[in-house]
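The values are calculated or read from the model by the stated rules, or taken from the named source; none is laboratory data. A quick note: this is a predicted structure, and the numbers were derived from the prediction, not measured. Because the Cβ atoms are built from the backbone with ideal geometry, glycine has one as well, and the counts that use them run over all protein chains shown.
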Amino acid sequence: MIGHCPNRVQGRCLGTGIMAGLLLLTGCAALTSGAREHMPSADTLVVGGRVIVSAIPERRVEAFAIRGGRVVAVGSQAEMERWAGEDTQRIDVGGRVVMPGLIDSHAHLWGLARNRLRVDLVGTVSYGEVIEAIRIRSDSVEDGEWLEGRGWDQNDWEDSRFPTHHALSEAFPDHPVALRRVDGHALLVNARALVEAGIDASTPEPAGGRILRDGAGHPTGVLVDHAMHLVLSILPEPSPERMREELINAMAYAVSLGLTGVHDMGLSPRAVETYEALGRAGELPLRVVGFWEGESPASARWMRRPPVRFAHGGRWSLVGVKLYQDGALGSRGAALLEDYSDEPGNRGQVFHDAEELVERVRKVTQAGYQVAVHAIGDRANRMVLDAYETVSAEREDGKLWRPRIEHAQVIAASDMGRFAELGVLALMQPTHATSDMPWAGDRLGGLRVQGAYAWQTLLQTGAVVALGSDFPVESVNPLWGLHAAVTRTDAEKNPVGGWFPEERLSPPQALDGFTRSAAFAVGMESDLGTLERGKWADFVVLDVDPLRDSVTKLRESRVWMTVVGGVIQHASPEFALATRPSETRAAVPDPSMASPRMVFGRLW
C-alpha cells in the first residue's frame, strides 16, 4: 500500500514510532584554529558508519561533510571535524552502511501514480481471480462507469493462452472494462468496451498493433501494442487534483525504498505540467528526470521547448524523448528476427520501418533532446542500432550524444559489440529476467534465449549498462533489482545457481548500475552517482552492506534513511529526529542551483 508520510518538518520525513536516538542533531563546538576562521562550516556531518563513496572503483571512508546540499569533503571522522561549526548538525548512522542514492534509470513514476486508481491484478493466478478482483471494485461505482485494472499475466495461469472477453463480458454487462497486462503492452476488454470503442470484425489493425480474433474474425477482447489505443484514447482521465495526490504518494513510496532519482519514461504534457507545478511548490522529494512520450501527437509540443536540467533546486529535469520500436516479449509483441518458438508465423510488431525510425531519431536529436528507444526483440534492437548509426554518420562529430536503448532484452550475437562501437547505452532491468525466466525459453527457444538479458556479455564488450526496474511492471524496490542482478534468482532463490549464471553481475557492477552508470545515462555523472566531493549529497542508509554482506540479505533489508541534496526525505521510525530552527539550514538547496540550467552548450 503506497502511503504518504504525514509528518514533515522542513523537508524531513519524520518517523512516528519509538525513537532510538540514532540520529543526533546537535550543535558542534566551533574550532578555534586560525584555519577555522577562513573555512565555512558544514551544514551536516554524516558520521558513525561505513560510507561507500563509489562502487567502481570501490572506495570507502568513515564520514563526509555536506554544505549547500552537496558533499564538500570525505575522509576520516577526525578530518571531518574540521568542518564543524556552531550550527552544524550531525547524522550518526549507528554503524550502518551509507551508500550513494539509488537511481532507477527506467521507470514510470507517473504510471505508478496512475495505477493507484486501477485495480491491482499483479499476482492473480487465474482469469477467475482477475474477475473477482474487478467485481469488488464494481460494487463501488455506478453502472456505465469504466472499470480499469492492470497487472494480469496469463503466463502465471494454468491455462497460459491469452484470455477472451466472454467471461469478463458476462460478469460485467453494465460496465466497460479495460485491463492492462502486467507489461503494459496488451489490453483485455469486455464486449461493452469493444462497442464503445467501435471495434468489430471489420476494424482494421493499426500499424504496430494486433487485434486478436477468433476463427470467425471477431475480436477476442485482447488488443496488443498500438491496437490498445483504440480503447485507451476514450478512457476518462482522473482529475488533476487526484493525480497530484497520487503522484505525491508514489514519490514518497519510492523514496522510502531508497530511490533518490528516477528516469520517468514516456511523459505526457499533463504529466510534465504536474511535475513542474510540484517542483515550483517544493514538493518533489527526489530527482525526476523526465523523457517525453515521443509517439503521441499530444506530446509533439516537446519540439517547441528546450530541455532543462536541475530545475527547482535540482529536483526536476526534462532531457529526453522516448520512442518505441516494438512491443513486449510476454505478449509476443517484441520484434524478432525469426518466428516465436511457441507461435510459428509470428515475429512480433515493428512500430516504424527503417526510414521512419531514422527520421524520428533525427528529429529528437535536432531538437536537442537525448533519444531513447524501447527495443526488446533482436530485430527491434538491430533496427535501432542501424538508425543510430545512420544518424550518427550525418553529424559533424560523427556520433550521437549518449543514445539509449531501453530494455535491450534480446540481442543477436552479431549485434552485441555494436553498443560499445556506437556509444549506445543499454538500459536494462534485472527483475525482468527473474520474472520472465519461467517462459522466456518457450518464446525464444534454447539457442536464442542465450542472447537474452545478457548484462555481463554487454559489459564485457565495453558497453555502458545502467539498471532500473520498469516499475510498475516490476516492483519499485531497487534492492530487489540489486538482488536479481547479482543472483539471477527469484525471491525463493530459484533456480539454484541462477538462470544463465554467466550473465550475473558482481555486487560492485550491480551497485554501479543503479548509481554512477544511471547518472551517466542522462549526462549527470558530474553531479550524481557517487559521494565524491562536489556532488549532490544524495545517499541511503542500510543495515546491510551491498558489496560485502551476503546478497541474499538484500531482499529482506530495510532502508533506514533516504537523503536527497542533504535533506532527509525518509527516516525509519527508530531514528530520533530532534530539530531546532537553526538546524534547518541544511534543508535549503544551494541557491546557485535554484533555477533551470539549459542542456544546450553543456551536453550537445
Quick count over the range 299-317, residues being part of a strand (DSSP E or B) and charged (D, E, K, R), is 1
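Between 547, 505, 531, which is crowded, with 19+ Cβ neighbours inside 10 Å, assigned to a loop (DSSP other than H, G, I, E, B), more than 20 Å from the chain's Cα centre (by Cα) and of a type outside the set (S, T, N, Q)?
Values: 547 fails: crowded, with 19+ Cβ neighbours inside 10 Å; 505 fails: more than 20 Å from the chain's Cα centre (by Cα).
531 is the lone residue from the list that is crowded, with 19+ Cβ neighbours inside 10 Å, assigned to a loop (DSSP other than H, G, I, E, B), more than 20 Å from the chain's Cα centre (by Cα) and of a type outside the set (S, T, N, Q).
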Looking only at the range 221-241, and only at residues there that are part of a strand (DSSP E or B) and free of Cβ contacts under 8 Å to residues at least 60 places away in the same chain, the one that is surrounded by the fewest Cβ atoms within 10 Å (Cβ to Cβ) = 221
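Quick check, is residue 135 crowded, with 19+ Cβ neighbours inside 10 Å, under 30 Å from residue 184 (Cα atoms) and either charged (D, E, K, R) or assigned by TED's automatic domain parsing to the domain that holds residue 318 (or both)? Spell out the reasoning first.
Working: crowded, with 19+ Cβ neighbours inside 10 Å: no; under 30 Å from residue 184 (Cα atoms): yes; either charged (D, E, K, R) or assigned by TED's automatic domain parsing to the domain that holds residue 318 (or both): yes.
So residue 135 fails the test.
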Among the numbered criteria (1) among the small types (Gly, Ala, Ser); (2) on the phi > 0 side of the Ramachandran plot; (3) assigned to a helix (DSSP H, G or I), which single criterion is violated by residue 266?
-> (3)
Only one of 300, 281, 252, 271 is in contact (Cβ under 8 Å) with a residue 24 or more places away in the chain and more than 19 Å from residue 105 (Cβ to Cβ); which?
-> 252
Candidate set from the range 85-102 (those that are surrounded by 21 or more Cβ atoms within 10 Å (Cβ to Cβ) and more than 20 Å from residue 60 (Cβ to Cβ)); member that is nearest to the chain's Cα centre (by Cα) | 89
Flagged in the range 514-523 as buried (at least 24 other Cβ atoms within 10 Å of the Cβ) and either acidic (Asp, Glu) or out of contact with any Gly (no Cβ under 6 Å at 6 or more places or on another chain) (or both), in numbering order, are 514, 517, 518, 521, 522
Answer with yes or no whether residue 209 is touching a His at 6+ places or on another chain (Cβ under 6 Å) and either of a type in the set (A, V, I, L, M) or outside the structural domain of residue 555 (by TED's automatic domain parsing) (or both).
-> yes
Within the range 38-72, of all residues that are touching a residue at least 60 places away in the same chain (Cβ under 8 Å) and part of a loop (DSSP other than H, G, I, E, B), the one farthest from the chain's Cα centre (by Cα) is 43
What are the residue pairs meeting all of these: first residue in the range 362-378, first residue under 17 Å from residue 266 (Cβ atoms) and in the same structural domain as residue 341 (by TED's automatic domain parsing), second residue among the polar types (S, T, N, Q) and surrounded by 24 or more Cβ atoms within 10 Å (Cβ to Cβ), Cβ atoms under 9 Å, and 6 or more apart or on different chains?
-> 364/370; 373/325; 374/325; 375/325; 375/381; 375/409; 376/325; 376/409
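Quick one: which residue in 266, 333 is more than 30 Å from residue 539 (Cβ to Cβ) and within 23 Å of the chain's Cα centre (by Cα)?
Residue meeting the stated conditions: 333.
For the range 78-93, how many residues meet the condition of being assigned to a helix (DSSP H, G or I) and in contact (Cβ under 8 Å) with a residue 24 or more places away in the chain? Even if it seems obvious, please write down each step before you answer.
Of all residues in the range 78-93, those assigned to a helix (DSSP H, G or I) come to 78-83.
If we keep only those that are in contact (Cβ under 8 Å) with a residue 24 or more places away in the chain too, we end up with 80-83.
Residues flagged as assigned to a helix (DSSP H, G or I) and in contact (Cβ under 8 Å) with a residue 24 or more places away in the chain within the range 78-93 amount to 4.
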Just one of 76, 105 is within 30 Å of residue 277 (Cβ to Cβ) and either in contact with a His (Cβ under 8 Å, 6 or more places away or on another chain) or of a type outside the set (Val, Ile, Thr) (or both); which is it?
-> 105
Filter the helices (runs of 4 or more DSSP H) completely within the range 407-482 down to those with at least 2 residues that are of a type in the set (D, E, K, R) and more than 21 Å from residue 266 (Cβ to Cβ).
-> 418-422, 430-444
Among 420, 454, which is over 19 Å from residue 156 (Cβ atoms), modelled with pLDDT of 95 or more and surrounded by fewer than 22 Cβ atoms within 10 Å (Cβ to Cβ)?
-> 420
Please find, within the range 206-249, the residue that is farthest from residue 352 (Cα to Cα) out of those that are touching a helix residue (DSSP H, G or I) at 6+ places or on another chain (Cβ under 9 Å) and of a type in the set (Gly, Ala, Ser).
-> 221
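Can you say whether residue 244 is surrounded by fewer than 22 Cβ atoms within 10 Å (Cβ to Cβ), in the same structural domain as residue 405 (by TED's automatic domain parsing) and in contact (Cβ under 8 Å) with a residue 12 or more places away in the chain, as far as the supplied structure shows? Break it down into steps so the answer makes sense when it comes.
Numbers: surrounded by fewer than 22 Cβ atoms within 10 Å (Cβ to Cβ): yes; in the same structural domain as residue 405 (by TED's automatic domain parsing): yes; in contact (Cβ under 8 Å) with a residue 12 or more places away in the chain: yes.
Answer is yes for this residue.
Report yes if residue 260 is touching an Asp or Glu at 6+ places or on another chain (Cβ under 7 Å) and more than 27 Å from residue 327 (Cβ to Cβ), otherwise no. Working first, answer last.
Numbers: touching an Asp or Glu at 6+ places or on another chain (Cβ under 7 Å): yes; more than 27 Å from residue 327 (Cβ to Cβ): yes.
For residue 260, the condition - touching an Asp or Glu at 6+ places or on another chain (Cβ under 7 Å) and more than 27 Å from residue 327 (Cβ to Cβ) - is met.
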Would you pick out the residues in the range 470-493 that are more than 15 Å from the chain's Cα centre (by Cα) and at pLDDT below 95?
-> 490, 491, 492, 493
Say whether the condition of being surrounded by fewer than 17 Cβ atoms within 10 Å (Cβ to Cβ), part of a helix (DSSP H, G or I) and either touching a strand residue (DSSP E or B) at 6+ places or on another chain (Cβ under 6 Å) or of a type in the set (Asp, Glu) (or both) is met by at least one residue in the range 209-218.
-> no
Within the range 571-590, is even one residue at pLDDT 95 or above, out of contact with any helix residue (DSSP H, G or I) (no Cβ under 7 Å at 6 or more places or on another chain), assigned to a loop (DSSP other than H, G, I, E, B) and more than 30 Å from residue 397 (Cα to Cα)?
-> no
Is the range 347-356 home to any residue that is assigned to a loop (DSSP other than H, G, I, E, B) and touching a strand residue (DSSP E or B) at 6+ places or on another chain (Cβ under 6 Å)?
-> yes
Test residue 316 against the criterion of being modelled with pLDDT of 95 or more, surrounded by 19 or more Cβ atoms within 10 Å (Cβ to Cβ) and more than 30 Å from residue 444 (Cα to Cα), and give yes or no.
-> yes
Residue, surrounded by the most Cβ atoms within 10 Å (Cβ to Cβ), within the range 103-120, restricted to residues that are closer than 16 Å to residue 149 by Cα and small (Gly, Ala, Ser) = 113
Lone qualifier among 386, 339, 326 - being in contact with a His (Cβ under 8 Å, 6 or more places away or on another chain), closer than 27 Å to residue 410 by Cβ and in the same structural domain as residue 406 (by TED's automatic domain parsing) | 326
